[in-house]
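K.L.:
My structure is below; once you've seen it, I'll send some questions.
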Amino acid sequence: MSFGISQSYISRLEKKIINKMKKEIRNDIERILITFGGTDPYGHTYTVLDYIRKFFTQKRVDVVIGGGFEDFERIKNMTDGYDNINVFRNITFMYDLIYSADLVFCAGGNTLHECACIGSPALIMPSALHEVRNAKEFERRGFGYYIKNDSDIEYSLGRIRPVDVRLKMSQCGKNINDGNGYKRIVQNVIELI
């Protein structure tokens, strides 16, 4: 187990560039990213990490904890003795982790949009009402699976595991989020002026 601490996120320029990069979709899920925003109010990190520790002992797992996460010690205790699990807090290399992941567990906010832009398949466990709407819409459009409750984790992993499913999901994500949204917003504001 390793720990890293730092800050920042994906810039607009990086989003435009990463959407154009080819995302490798491996035959098997080898690397998993778990990230539920700044605070993770429902404790999804604990739930997913507990599941992953039992069933993915040979896979690399990266866990990103936000600055408002209250029980960092619990995560450290849960990952103690697991050499395949890395825990980070407030990082500057989120893009690298999302890009490298074969599967991302996330809420339905900014990270979901970034996963789509990069093309990294996601299992979505919302933490707020707007994130539920996002999760349902992304799933409807072919990117990600919305996990309604903890008991759906195993079923959703079974659905997302086949490489052809993840390949299609990756392409759908890149079609949903091309990384140019900020340009369209600026253009709309200019047109209003």
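K.L.:
To the nearest 20 debye, what charge dipole does the chain have about its Cα centre, counting +1 at the Cβ of each Lys and Arg and -1 at the Cβ of each Asp and Glu?
P.N.:
Here the size comes out at about 740 debye.
K.L.:
Moving on to the next point. With θ taken as phi - 60° and the coefficients 6.51, -1.76 and 1.60, list the Karplus ³J(HN,Hα) couplings across the stretch 186-193 in order, rounded to whole Hz; mark glycine and proline as x.
P.N.:
4, 4, 5, 5, 4, 5, 6, 7
K.L.:
What does the convex hull of the Cα atoms come to per residue for the chain, in Å³?
P.N.:
So the per-residue hull volume is 120 Å³.
K.L.:
At 0.36 nm per residue, minus the direct Cα-Cα distance, what do T92 and F55 gain on full extension? Give it in nm, one decimal, please. Working shown, then result.
P.N.:
Values: separation 37, 0.36 × 37 = 13.32 nm, distance 2.90 nm.
So the extension gain works out to 10.4 nm.
K.L.:
Starting from the Cα of E154, step 7 Å toward the Cβ, then list every residue of the stretch 49-80 with an amide N under 15 Å from that point.
P.N.:
Under 15 Å, as judged by backbone N against the label point of E154, lie 50-56 of the stretch 49-80.
K.L.:
Further question on the same structure: Check I34: other-chain or 5+ apart residues with amide H under 5 Å from its amide H, H built from backbone geometry?
P.N.:
D62, V63, V64, F105
K.L.:
For the stretch 64-138, give the percent of accessible area contributed by carbon and sulfur heavy atoms, probe 1.4 Å, rounded to a whole number. Can you show the working numbers first?
P.N.:
Values: 1210 of 2710 Å².
On the stretch 64-138, the fraction of accessible area on carbon and sulfur atoms equals 45 percent.
K.L.:
If you don't mind, there's one more thing I want to ask. Using the heavy atoms of the protein chains alone and a 1.4 angstrom probe, what is the accessible area of the chain per residue in square angstrom?
P.N.:
For the chain, the per-residue accessible area is 51 Å².
K.L.:
Pull out a ≥ b ≥ c, the square roots of the eigenvalues of the alpha-carbon gyration tensor of the stretch 18-128, then state rounded if a/c is under 1.5, prolate if not and a/b is larger than b/c, and oblate in the remaining case.
P.N.:
It is oblate, given that a/c is not under 1.5 and a/b is not larger than b/c.
K.L.:
In addition: What distance in nm separates the simple spin-label points at N175 and E73, each placed 7 Å from Cα in the Cβ direction?
P.N.:
5.0 nm
K.L.:
Between M125, M94, M78, which gets the highest mean-square fluctuation from a Gaussian network model of the chain, Cα cutoff 10 Å?
P.N.:
For the chain, modelled as a Gaussian network with Cα springs under 10 Å, the answer is M78.
K.L.:
Report the label-to-label distance for D164 and D28 in nanometres (one decimal), using points 7 Å from each Cα along the Cα→Cβ vector.
P.N.:
2.0 nm
K.L.:
Starting at the first residue of the stretch 84-93, write each ³J(HN,Hα) from the Karplus equation 6.51 cos²θ - 1.76 cosθ + 1.60 with θ = phi - 60°, in whole Hz, x for Gly and Pro.
P.N.:
Karplus values, whole Hz, x for Gly and Pro: 8, 10, 10, 10, 10, 9, 6, 8, 9, 10.
K.L.:
If you plug each phi of the stretch 152-166 into the Karplus form 6.51 cos²θ - 1.76 cosθ + 1.60 with θ = phi - 60°, what whole-Hz ³J(HN,Hα) values come out, in order, with x for Gly and Pro?
P.N.:
For the stretch 152-166, the Karplus-derived couplings read 8, 4, 4, 4, 5, 4, x, 5, 8, 5, x, 4, 5, 5, 5 Hz, x marking Gly and Pro.
K.L.:
Another question about this same structure. With bins 10 Å wide starting at 0, give me the P(r) of the stretch 67-159 over every alpha carbon pair, in whole percents.
P.N.:
Cα pair-distance distribution for the stretch 67-159, in percent: 15, 41, 38, 6.
K.L.:
Now, a different point. What are the semi-axes of the equivalent ellipsoid of the stretch 110-167, taken as the square roots of 5 times the eigenvalues of the Cα gyration tensor, listed largest first and rounded to whole Å?
P.N.:
17, 15, 9
K.L.:
Same structure again: Going by amide H atoms built from the backbone, whose H comes under 5 Å of the H on R89, apart from near neighbours?
P.N.:
Those qualifying (amide H under 5 Å, at least 5 residues apart or on another chain) are G4, I5, S6, I65.
The values are calculated or read from the model by the stated rules, or taken from the named source; none is laboratory data. A quick note: this is a predicted structure, and the numbers were derived from the prediction, not measured. Note that we place each Cβ from the backbone using ideal geometry, even for glycine, and neighbour counts take in every protein chain shown. For the accessible areas, the whole protein counts, side chains as well, though only heavy atoms, and no ligand, DNA or RNA atoms are used. Shrake-Rupley method; radii C 1.70, N 1.55, O 1.52, S 1.80 Å.
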